[in-house]
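To keep things clear, I will list the structure first and then write my remarks on it.
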Amino acid sequence: MHEIHSYWSKAHESCWKDGAANCTFVNLIINKVAAYLNMDPVKVQLLNDGADGHDMAWLNEHVKKPYGMPLRIA
């Protein structure tokens, strides 16, 4: 697989999982894995997400904090 898109001279802020051009390649891989496993791509995406139905407070405590990721509390 390969992806062609434009490059910017300044970095932009964008959500990695919002469906924009910067996650197209990941979506292609997820779709290929889902097809290989005969699964719904949404189910594969949810399994890959790691949240497993937990809320953001759980993710902050059990995922972000142990790995030194920034805790963003809205």
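Results, tabulated for the structure shown:
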{"quantity": "Answer from Ala35, Ala57 - the residue that is surrounded by fewer than 11 Cβ atoms within 10 Å (Cβ to Cβ) and of a type in the set (A, V, I, L, M, F, W, C)", "calculated": "Ala57"}
{"quantity": "Search result, residues across segment 38-50 that are of a type in the set (A, V, I, L, M) and either surrounded by fewer than 12 Cβ atoms within 10 Å (Cβ to Cβ) or assigned to a helix (DSSP H, G or I) (or both)", "calculated": "Val42, Val44, Leu46, Leu47"}
{"quantity": "Close pairs (7 angstrom Cβ cut-off, 6 or more residues apart or separate chains): without any contact (Cβ under 8 Å) to a residue 12 or more places away in the chain in segment 30-50, exposed (fewer than 11 other Cβ atoms within 10 Å of the Cβ) and not in a helix (DSSP H, G or I) anywhere", "calculated": "Ala34/Asp40"}
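None of the figures in this text is laboratory data; all of them are computed from the coordinates on show. Just so you know, these numbers come straight off a predicted model, no measurement behind them. Cβ: placed from backbone, ideal geometry, glycine included. Neighbour counts: every protein chain shown.
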